[in-house]
Amino acid sequence: MKIRRQSQGPLSKGDQIEVKRPNGAYYAATVLRPPSAMQINMVFVEYHAEDGSKCVRGYVDLTHVRPSPPLELNRCFKIGDAVDAYWENGWHQGVVRDLLKDSKYVVGFHGNEGKVEEKSEIHQCNLRLHREWDDGSWVPSMAELANSSNENGDKPRNVKLKIVFRKKQADAEFRKGDEVEITSDEEGFRGSWYNAVIVEYRGNDKYLVEYSTSRKEDGVPLRAEAKAQHIRPCPPELSPVASFCLREVVDARYNNGWWIGVISRVLDGSKYAVYFSLLDEELEFDHLKLRIHQDWKNGKWIIASEENSRRLVMNSNRLLHKMDVNEKRFRVKFPKGTRVEVKSDEPGYEGSWYSAIIVDSLGNDKYLVEYLTLKTEDLGAFLREEAYASYIRPRPQHARCTRRYKLFENVDAWYNDGWWIGQVIKVLTTWKYAVYFQTTNEVMEFEHNDLRLHQEWINGKWIIPSKRLATIADQSSAASEPPYRYFWYAVI
């Protein structure tokens, strides 16, 4: 029988094929030299030996060669199905004898005279329906397989087995309880990583994970399915640095995740402007919200390479130049008597804002402010203190909301004499809400009048971080992206 590959033409160098060995199993191989006038019925290939210890090269008769079967992802099997099971680096023919839990099957392998020689427990990702390559066509064909039903009424049950064969490549890279970081290749999430914990391995290089900072509307931590390629271990903690340098690559803590950016400006009060080339946005961060960027490569953590840093900086050079030229234009001056809000950096109060009045300008981008809600320890007067300009902003415009707040909407909640950034995770009644605070990992209830629309003061403008919920299914559904997607809109 001569190989004819439909819509693929004759064999050529580099083609991925399968070679049948004397034990009856098929092994993946690569064509090194196609048939020639001298060797018309032979092809020179390279494949792994049965023990996987080394690569074998040699001529193989074309009657023992076939193309690699088309991929069939997530196919389920039923008792009696003829299958190929991947074991010892090759595909061995067998029959499904029983269904187990956790996407596993009992497969019986045929011995001499058609008798079952042994049974083995095989994971679903290491099984495929058995098919024959007959005169240039797969039997059964893909159309016949598509019309066949994969549903069956067999229920899994526990079976004790003495022999278990597993493919090393299919072993879970992460274990239950491992703390990891999750990313996504979806538009709007590239370059960000979210903390999570491995719940279980689901096969096919997929894991069920539980996000550490994202919750469902009932306050329960969000669970979703993530691909192995989107998972990495948590970076090791490095010794803290006293300061970051201009154009240094960093990870910035933003919207419950870590985003890769470049230091575009060094500000006062241990603050930095960070530019995100993938988002084409610049945002300001406190020193404590930044960390040294590390890359996970070949199973090792590497400090951001000069090449990677140069690439990120080159992507942002045009905007950085524009920001350098216009930097003074965005710096707001606050006259005496101006009503403002001042951000706290006290432990436990990070990110909260308090109403104040500008008392005087002290120079070097510092002001003396007097709080309107905070008093001295003896309660005899309102508290006065110095504050950097980067910690001061005007009072938000159009902050009060006459409509009802929506689920997962970002809000400021009035609590302990200040405004705290949170997110609506449940609408309790018409005018009452449950709000989650990421900084304290707490959920509290608030009346409508104790909330306002959350806004950010960026480059002299008020910006509303508006959101669009990504479609997230329940715990058993497949979802590989973080729970929220953010867009930015200017307030008019």
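The values are calculated or read from the model by the stated rules, or taken from the named source; none is laboratory data. As the structure is a computational prediction, the values presented were derived from the model and not from experiment. Reconstructed Cβ throughout: ideal geometry from the backbone, glycine too, with neighbour counts over all protein chains shown. Remember, those area values only see protein heavy atoms, side chains included, never the ligands or the DNA or RNA. Shrake-Rupley method; radii C 1.70, N 1.55, O 1.52, S 1.80 Å.
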Failed item in (1) open to solvent by less than 80 Å² (accessible area, probe 1.4 Å); (2) at pLDDT below 85, with Arg400 passing the rest: (1)
Pair list, Cβ < 6 Å and 6+ apart or interchain, from the range 274-286 residues that are closer than 9 Å to Gly261 by Cβ to residues that are open to solvent by less than 60 Å² (accessible area, probe 1.4 Å) and acidic (Asp, Glu): Tyr275/Glu282
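Given the condition at pLDDT below 85, in contact with a helix residue (DSSP H, G or I) (Cβ under 6 Å, 6 or more places away or on another chain) and not in a strand (DSSP E or B), answer yes or no: does some residue in the range 238-246 qualify?
no
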Selection status of Val159, among the β-branched types (Val, Ile, Thr), more than 30 Å from the chain's Cα centre (by Cα) and modelled with pLDDT of 75 or more: no
Leading residue by the ranking (farthest from Lys343 (Cα to Cα)) among those in the range 398-445 that are among the polar types (S, T, N, Q) and part of a loop (DSSP other than H, G, I, E, B): Thr430
Selection count where residues are open to solvent by less than 50 Å² (accessible area, probe 1.4 Å) and modelled with pLDDT of 80 or more, scope the range 47-68: 6
Subset of the range 381-397 [surrounded by 15 or more Cβ atoms within 10 Å (Cβ to Cβ) and in a loop (DSSP other than H, G, I, E, B)]: Pro396
Any hit, the range 308-323, residues being open to solvent by 40 Å² or more (accessible area, probe 1.4 Å), part of a loop (DSSP other than H, G, I, E, B) and either at pLDDT 90 or above or not assigned by the TED database to the domain that holds Asn416 (or both): no
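Would it be correct to say that Lys467 is at pLDDT 90 or above, surrounded by 13 or more Cβ atoms within 10 Å (Cβ to Cβ) and out of contact with any Cys (no Cβ under 9 Å at 6 or more places or on another chain)? Lay out the reasoning, then the answer.
Details: at pLDDT 90 or above: no; surrounded by 13 or more Cβ atoms within 10 Å (Cβ to Cβ): yes; out of contact with any Cys (no Cβ under 9 Å at 6 or more places or on another chain): yes.
Criteria not met by Lys467.
Specify the residue that is farthest from the chain's Cα centre (by Cα); the eligible residues are those in the range 328-380 that are among the aromatic types (Phe, Trp, Tyr) and in a loop (DSSP other than H, G, I, E, B).
So the first thing to find is which residues in the range 328-380 are among the aromatic types (Phe, Trp, Tyr), and the list is 330, 334, 349, 353-354, 367, 371.
Imposing the further condition that a residue be in a loop (DSSP other than H, G, I, E, B) reduces the set to 334, 349.
Working: Phe334: 42, Tyr349: 29 Å.
Taking the candidates together, the pick is Phe334.
Of the residues Ser36, Ser7, only one is part of a loop (DSSP other than H, G, I, E, B), open to solvent by 80 Å² or more (accessible area, probe 1.4 Å) and either modelled with pLDDT under 70 or over 21 Å from His123 (Cα atoms) (or both); which?
Values: Ser36 fails: open to solvent by 80 Å² or more (accessible area, probe 1.4 Å).
One residue alone meets the criteria, Ser7.
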